[in-house]
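Heads up: the structure comes next, in structure tokens.
The values are calculated or read from the model by the stated rules, or taken from the named source; none is laboratory data. As the structure is a prediction and not an experimental result, all values here were calculated from the model. Glycine gets a Cβ as well: all are built from the backbone with ideal geometry, and neighbour counts include every protein chain shown.
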Amino acid sequence: MTTRLTRPTIHLSATRTTLFRQGAYASIMKFLLLSLALALLSPANAEHHMKKHGQLHPRATTNTPLVVTNHCGETIYPGIVTQAGTGPSSSGFQLPPGSQKSQTVSSDWQGRVWGRSNCSFNSQGTAQGGGVACQTGDCGGTIACQATVRLT
């Protein structure tokens, strides 16, 4: 679509009104040119960095250590969710004070790791009596966190 700009008729005389009109015309032209430049530079074909996860690292098969250490005075239950790449073998586990758990992820792994506390799980790894299993950081009442990640 081509937009044609027509210049308004301005009478040249030394009055404040005319000077205002000339200044307004210049301001409008600057605004239109800036708007056009921004429209041409618009990232219409840009792609969100999370959607390019398959292109980030060509050596995605390399195993990268992921070590979680509990420096707290109480038992924690780390939760891990994978957003891209190959995640660790365990997405949730019990970690007593002063201990650590080492796992591996692919070099292109993207995800989240957080600590959960005051948890109560049954032998099936779910909340006692259903519902919430942890007072902080619960992930669906299960020891093994699972999440659906939407890339928008």
If you go through the stretch 67-99 one residue at a time, how many are over 14 Å from residue 139 (Cβ atoms), assigned to a strand (DSSP E or B), more than 20 Å from the chain's Cα centre (by Cα) and not polar (S, T, N, Q)? 3
So, in the stretch 82-103, how many residues would count as being of a type in the set (Val, Ile, Thr) and modelled with pLDDT of 95 or more? 0
